[in-house]
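K.L.:
Next up is a structure, given as structure tokens.
The values are calculated or read from the model by the stated rules, or taken from the named source; none is laboratory data. Predicted model, so just to flag it, every value in this text is computed and none were measured. Cβ placement follows ideal geometry from the backbone for every residue including glycine, while neighbour counts extend to all protein chains displayed.
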Amino acid sequence: MDRLDFSHERDLTIDKLVSRVEAYFPDVDLAVLKKAYGFAEKAHQGQKRSSGEDYIIHPLNVASTLIKLQMDLDCIIAGLLHDVVEDCEITPETIEKEFSGDIAMIVVGLTKISKIEFKTREESQAENFRKMVVAMAADIRVIIVKLADRMHNMRTLQYMSDEKQKQIAQETLDIYVPLASRLGINSVKAELEDLYLRFLKPEVYYRLAEKVAMNRKARNSYIEEVIDILKFKLMEFSVKAEVKGRPKHFYSIYKKMMSRGVDFEQIQDVLAFRVIVDNITECYKVLGVMHSSFTPIPGRFKDYIAIPKVNNYQSLHTAVIGPKAERIEVQIRTMEMDLVAETGVAAHWKYKEGGKSINKLDWVQELLEFNKALKNNSEFMDVVKNDLDIGGVFVFTPKGDVHELRYGSTPLDFAYAVHTEVGNHCVGAKINGKMVSLKYRLKSGDSVDILTSKTQAPSKDWLNIVKTTRAKAKIKQWLLKVERSRFKEVGEDIVDKLLKKFATNIGALRKNGMVDKCLSHFKVDTLDDFYVHVGSGKFTTGQIVSAIPYLEEKRHEVDDIDIKPFAEKLSKSNQKRLKSNNAIIVDGMSDVVVRMGKCCNPIPGDAILGYITRGRGITVHTAECTRVDHAEFGRNVHVEWNADLNTKHPVNIKIITHDKPGVLSLISQLINGLKINIRSAVARSLPDRKGSFLFEIEVHDYTELLKAISAIESLKEVISVSRA
Ligand code: MN
């Protein structure tokens, strides 16, 4: 209802355009717009569209779309002139002379893009995308005009040959839809998607259209009725709001059908209502009214105001059982957010005065940098596709929320898409109820249940597993944080030991202002930062002594100021990692006795640490084991699982069941069936006709343990399973 109408206008004239521009851009120099029209009309004189219409109708419609998106005058003029260089042998220099350098640049950018031939093979597509990105980086308006151009071409696609229709429609879905989506121009995205459907899947399109048309009358009166009720409710709470309602666009219904594997008949006519208010406070107030007046559907509330989407989309989403006892979706946003939702990046031009505005986006800049950094085409394509979400898969949370991830994504990507913490602690996943490894490739329609463990932490290997930029960034962030805290610890240790040699300590130095002096000498803000740099070896002990006069004076009294941290000494003593038969690799140490902590029974997949015991080598505990004193610096040592070795480890699991005869043998058979060895089993009766079993089993790693746990959980006699 309020969606921008991008229909082809066959009777469009420059006068109509001029009055539309005037309506929202009153101070603009309209003479130049008319001049551009005259220029384009003359250039295209005699040329015809496939429809038989004069060619000029095309640039007019393109310019009209740009006006609907409320783009600036340069952009609208570029829309009028967009085909003159390509089709009319007019040079960019002429455009620059007659109009402006900016306009010429946009037209040149468009001409370049039109020369890109999109191929299906990934390798050549990469080259095309490079050019697209370069064109965009020059000025983002190039892509906006290109989208308007493509939309009008799609609008008039019926005049092309069948083959051409299919090719252009596919290209639109593959390339222009993701671009529109990434730029947040949702009105254009929705339009392009529906047009794709119309030309590439006409049987689907026309059935949907028919279905929607059949119910139109009933639906419209239903919409009106619901709007009235919503308005009335809001009035009761004295909220001033505009309420609109509309059916979802065809492609989104189609997508839902595909991802849920349902047929036309089962598609519910889901209606989305939109409430538009003055400010953010009112948004949350409306949400309150909705949730207190109607029953909210759990798990459906999303706050994109607090956390906007990457394309800057902001809105509150919720779903409730509406006044007519039917599910309705409600979007709540301010007027400005609504404009951004419909026109995305184009909205920037409306809010900038004087026409000059952000013509480049950080995102494009980033891509451009990748373009320089990545020599390899497929690597570049990876990054681009990633960002554009091309060829995505649609997967579900256990609650039924849809996430769109790029093709090839793994449960780990999904976990990071849900929440950073979920990603950081992800140990595995159940897909449609079945255990899979972290490397599993998600398929559209998968229902993904992420399993987490407090002891889990990201490792470098994860960077090879994940596909999305978000997950990669989050993992790198975590690794850096860990490294920083290690450096800090080491640095603090070095400084402590150094000061001890001078018979002083950090507290004393702080009192007489030496610490501040030292920090400003090294140009660092905090003591922690200082420790980090000392720990990383950037500042040496010699430099520290020179920087602090008190120490410098006494330097001759101390014979050796070179201090190596404990951990470094260890790794210096033997840089080579040993290919040992131990399940554990101890940082740089050979011939060391390693034991597993009996208290926590670590297994591969657990985050672990080594603890140096007096006279008994190193004991390995899980990172969260309460028996280890983590604070006791100097006695912890970095240990890792030996990935080359695939040995079995004992682990205890505790199972609570309904007390029924034969449960023990049922569970035992199940575990044996998984080819997992049972070392021992202890059974105990609990009150309330429940039973408790403690199994000691042998597994290779965490994934295998989870497999066992989930298999046991699936028995109907079982109440709970946990690691003990
Ligand atoms: Mn064109």
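K.L.:
Please return the ranges of helices (runs of 4 or more DSSP H) entirely within the range 508-550 where 2 or more residues are in contact with a Gly (Cβ under 9 Å, 6 or more places away or on another chain). Before you say what the answer is, go through the steps one by one.
P.N.:
Details: elements: 514-521, 527-536, 541-547.
Counting at least 2 such residues, we get 527-536.
K.L.:
Looking only at the range 16-43, filter to residues that are over 20 Å from PRO92 (Cβ atoms) and among the β-branched types (Val, Ile, Thr); which one of those is surrounded by the most Cβ atoms within 10 Å (Cβ to Cβ)?
P.N.:
Only one residue tops the list, namely VAL21.
K.L.:
Given the condition within 16 Å of the ligand (Cβ to nearest atom), of a type in the set (D, E, K, R) and not in a helix (DSSP H, G or I), answer yes or no: does some residue in the range 71-78 qualify?
P.N.:
Within the range 71-78 (the criterion being within 16 Å of the ligand (Cβ to nearest atom), of a type in the set (D, E, K, R) and not in a helix (DSSP H, G or I)), the answer is no, since none of the residues qualifies.
K.L.:
Does LEU4 count as under 30 Å from LEU271 (Cβ atoms) and of a type in the set (A, V, I, L, M)? Show your work before the answer.
P.N.:
Values: under 30 Å from LEU271 (Cβ atoms): yes; of a type in the set (A, V, I, L, M): yes.
It is true that LEU4 is under 30 Å from LEU271 (Cβ atoms) and of a type in the set (A, V, I, L, M).
K.L.:
Within the range 315-334, which residues are at pLDDT 90 or above and not charged (D, E, K, R)? Steps first, answer last, please.
P.N.:
At the first step, the residues of the range 315-334 found to be at pLDDT 90 or above are 315-318, 330-334.
SER315, LEU316, HIS317, THR318, VAL330, GLN331, ILE332, THR334, listed by residue number.
K.L.:
While we're here: Among helices (runs of 4 or more DSSP H) lying entirely in the range 140-243, which contain 2 or more residues that are among the acidic types (Asp, Glu)?
P.N.:
162-171, 186-200, 202-214, 216-236
K.L.:
Residues of the range 31-66 being among the polar types (S, T, N, Q), more than 40 Å from the chain's Cα centre (by Cα) and either more than 13 Å from the ligand (Cβ to nearest atom) or in a helix (DSSP H, G or I) (or both), which ones? Steps first, please.
P.N.:
The first filter runs over the range 31-66 and keeps only residues among the polar types (S, T, N, Q), leaving 45, 47, 50-51, 61, 64-65.
Filter once more, so that each one left must be more than 40 Å from the chain's Cα centre (by Cα): 45, 47, 50-51.
Within the range 31-66, GLN45, SER51 qualify.
Conditions (1) at pLDDT 80 or above; (2) in contact with a Leu (Cβ under 9 Å, 6 or more places away or on another chain), marked per residue:
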position	(1), (2)
GLU225	yes, no
ASP228	yes, no
MET235	yes, no
ALA241	yes, yes
ARG246	no, yes
VAL262	no, no
ALA272	yes, no
